[in-house]
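Quick note: the coordinates plus some simple rules give every number you see, no bench work behind them. If you're wondering where the values come from, they're calculated on a predicted model, not measured in any experiment. Positions of Cβ are backbone-derived with ideal geometry, glycine not excepted, and every protein chain shown enters the neighbour counts.
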Amino acid sequence: MEDMIWRCDLVPQYQAYQQEIHEAIERVLSSGRYILAENVQAFEKEFSEYIGSGYGVGLNSGTDALLFALWCFDLKPGDEVILPPFTAIPTYSAVRHSGAIPVFVDIDPETYLMDLQQVKKAITSRTKAIVPVHLFGNAVDIEELRDIVGPGIYILEDCAQSHGALVRGKKTGRLGDISAFSFYPTKNLGAYGDGGIILTDNKEFANAIRLRRMYGMINKDEFIVDGINSRLDELQAAILRVKLKHLDDMNTRRAELAALYADLLNPKYVQPQKVRDGISSVYHVYSVLCRSNRDELVRYLEGKRIQTNIYYPMPLSKQKGYLSSFSTSTDLPVAQQVSERIIALPFYPEMSEDILRMTVSAIDEFYAGRV
Ligand SMILES: Cc1ncc(COP(=O)(O)O)c(C=O)c1O
């Protein structure tokens, strides 16, 4: 479907770095070393250095990165973990699988990020950790969160959508106690399969996770903790090492395209995600709030062969498979309203400005006469 405008097209990025990627893959294949060898080790070091964190441990997904991080917190029955209801489902499923009680707090209507004042109200004597999510590339102010939370409560940053985003010059992923990244193919730094990593300055956390990702193995015959298998593999690590070199350029292009969208979109029709002072977003997704008629707009754009997506169509507290065992500190009216009005527009670093302008024109045509 050549004339389709995709919400996210991964092929141009592959084509841009094809030769380097093929060479990296070829080196792994001919080395005969496919699991936990030089590429995983090098990527852990290079990515931790890029973010500014002490230790990195590669895992097989962002979901595992969250879960393994939560396992470090020595959770006891009844312990609570605070998270936003407006995020990808894995943030929530990791908290549930950790055995903690998930506690949702509502979001800010302009940034769509966890509302820090709501976090303050939700803290109890059972609160063990907070999981702020840097959504769509926009960063939660972790320093402000730390002031609210005080010592004794862990902060686990969900950085699946924020590779390279900054809070007052510091990269997300080095601001909390531990952080979890995903390398799902659509992410700002994406593999060609699954992958994830935890970053931390806490050596004990890093060592525990390193053991647990490989059956708890200390040497080939001894298993000293009860681990499972969650390894980043050599092929993905080799691909990620190539792409990491281009991440800043890709993020710069994302910011330029986001600025152009913000310039061209009519604020009478749609409202872009707000990025607060001191924060540099890496625009993982370009989402806007529709003033009205969101679902009709989706269909209209589809008719024009412009693909959009809804992240996320409902607060996670309403997802059928996940209904039991959460608590909310308040109702979640903002998450509800945002989920009814939000739409993600075509957006990826290699997207042409023509595609962007066509999308804006189609939105203008749709609303002209309606609003
Ligand atoms: C906010 C958020 N957290 C966690 C994850 C989980 O990552 P993965 O798909 O690599 O398990 C994702 C990606 O899907 C995500 O967007």
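Please work out how much length the chain gains when fully extended from Asn207 to Lys268, using 0.36 nm per residue of separation minus the C-alpha to C-alpha distance, in nm with one decimal.
16.7 nm
Provide, in order from the shortest bin, the percent of all Cα-Cα pairs of segment 196-316 in each 10 Å bin, continuing until the bin that contains the maximum pair distance.
10, 24, 24, 21, 15, 5, 1
Determine the equivalent ellipsoid of segment 237-371 by diagonalising the alpha-carbon gyration tensor, then write out the semi-axes as square roots of 5 times the eigenvalues, largest first, rounded to whole Å.
With the √(5λ) rule applied to segment 237-371, the semi-axes are 26, 24, 15 Å.
For the residues Ser48, Ser31, what sequence is obtained by ranking on other C-beta atoms within 10 Å, fewest first?
With the sparsest Cβ surroundings first, the list reads Ser31, Ser48.
Work out from phi, with θ = phi - 60° and the Karplus expression 6.51 cos²θ - 1.76 cosθ + 1.60, the ³J(HN,Hα) of each residue of segment 221-237, listed in order in whole Hz, and give x for Gly and Pro.
10, 10, 10, 9, 9, 8, x, 9, 9, 8, 10, 6, 9, 4, 4, 5, 4
R0 = 41 Å: FRET efficiency of Glu46 with Arg96, Cβ-based, nearest 0.05?
0.80
Residue-wise, which Karplus ³J(HN,Hα) couplings in Hz belong to segment 115-132, taking 6.51 cos²θ - 1.76 cosθ + 1.60, θ = phi - 60°, and x for glycine or proline?
Once rounded to whole Hz, the list reads 7, 5, 5, 5, 4, 3, 5, 8, 6, 10, 5, 9, 5, 9, 7, 10, 10, x.
Which cross-chain or sequence-distant (5 or more) residues have an amide H under 5 Å from the amide H of Ile178, H modelled 1.01 Å from N in plane?
Ile155, Glu157
Mind checking the full-extension length gain between Glu340 and Glu110? Use 0.36 nm per residue of separation minus the Cα-Cα distance, one decimal, nm.
Between Glu340 and Glu110, full extension yields an extra 81.4 nm.
Please identify, among Val11, Val334, Val285, the residue showing maximal mean-square fluctuation in a Gaussian network model of the chain using a 10 angstrom Cα cutoff.
Largest GNM mean-square fluctuation: Val11.
Can you give the FRET efficiency for Gln15 and Ile89, using 1/(1 + (r/R0)^6), R0 = 25 Å, r = Cβ-Cβ distance, to the nearest 0.05?
0.20
Using the charge dipole of the chain (Lys, Arg: +1 at Cβ; Asp, Glu: -1 at Cβ; taken about the Cα centre), state which of Trp6, Asn251, Gly227 has its Cα farthest towards the positive end.
Farthest towards the positive end: Gly227.
7 Å from Cα along Cα→Cβ at both Arg276 and Ser352: what's the point-to-point distance in nm?
3.9
Quick one: which residues, 5 or more positions from Val105 or on another chain, have an amide H under 5 Å from its amide H? H modelled 1.01 Å from N in the peptide plane, none for Pro or chain starts.
For Val105, whose amide H was placed from the backbone, the distant partners under 5 Å are Leu83.
About its Cα centre, what dipole magnitude does segment 163-320 give when the only charges are +1 on Lys and Arg Cβ and -1 on Asp and Glu Cβ, stated in debye to the nearest 20?
Charge dipole of segment 163-320: 480 debye, to the nearest 20.
With +1 assigned to the C-beta of every Lys and Arg and -1 to the C-beta of every Asp and Glu, and no other charges, what is the dipole magnitude of the chain about the Cα centre in debye, to the nearest 20?
Using Cβ point charges on Lys, Arg, Asp and Glu, the chain gives about 560 debye.
Under the Kirkwood approximation for Rh and a Cα-based Rg, what ratio Rg/Rh is obtained for segment 65-148?
So for segment 65-148, dividing Rg by the Kirkwood Rh gives 0.94.
Using Cα springs under 10 Å in a Gaussian network model of the chain, which residue among Val131, Val57, Val242 shows the largest mean-square fluctuation?
Maximum among the listed residues: Val242.
Could I have the simple spin-label model distance between His22 and Arg291, label points 7 Å from Cα toward Cβ, reported in nm to one decimal?
5.1
With the chain treated as a Gaussian network of Cα nodes joined by springs under 10 Å, which of Thr186, Thr63, Thr87 yields the largest mean-square fluctuation?
Highest fluctuation among the options: Thr186.
Long-range amide H contacts for Tyr286: which residues qualify at under 5 Å (H placed 1.01 Å from N, peptide plane, sequence gap of 5 or more or a different chain)?
Leu345
Stretched out fully, how many nm does the piece from Tyr34 to Glu302 gain, at 0.36 nm a residue minus the Cα gap?
Roughly 92.3 nm would be gained on extension.
Under the rule of -39500 (n - 2.57) per DSSP H run of 4 or more residues, summed and divided by the residues of the chain, what mean residue ellipticity at 222 nm is obtained, to the nearest 500 deg cm²/dmol?
-11500 deg cm²/dmol
How big is the dipole moment of segment 231-326 about its Cα centre under a simple scheme where the beta carbon of each Lys and Arg is +1, that of each Asp and Glu is -1, and everything else is neutral? Debye, nearest 20, please.
That gives a dipole near 240 debye.
Can you give the log10 of the normalised intensity I(q)/I(0) at q = 0.06, 0.09, 0.12 Å⁻¹, computed with Debye over equal Cα scatterers of the chain?
Log-scaled intensity ratios, in q order: -0.23, -0.51, -0.91.
May I ask which residue of Val338, Leu323, Asn293 lies farthest towards the positive end of the charge dipole of segment 247-367, with charges of +1 (Lys, Arg) and -1 (Asp, Glu) on Cβ and the Cα centre as origin?
Of the listed residues, the answer is Leu323.
Once you place label points 7 Å from the Cα toward the Cβ at Ser125 and Ala259, how far apart are they in nm?
5.3
Taking θ as phi - 60°, what are the ³J(HN,Hα) couplings along segment 93-110 by the Karplus curve (6.51, -1.76, 1.60), each to the nearest whole Hz, with x for Gly and Pro?
Each residue of segment 93-110 in turn: 5, 5, 4, 4, 5, 6, x, 6, 8, x, 10, 8, 10, 6, 10, 7, x, 9 Hz.
So what is the relative contact order for the chain, in percent, with contacts set as C-alpha pairs under 8 Å and at least six apart?
Worked out over the chain, it gives 23 percent.
Would you list Glu222, Glu350, Glu26, Glu80 from fewest to most Cβ contacts within 10 Å?
Glu222, Glu26, Glu350, Glu80
Please find the FRET efficiency linking Val371 to Phe223, where r is the Cβ-Cβ separation and R0 is fixed at 56 Å, and quote it to the nearest 0.05.
0.35
To the nearest Å, what is the center-to-center distance of segment 41-64 and segment 339-357, using C-alpha atoms only?
Centre-to-centre (Cα) distance: 29 Å.
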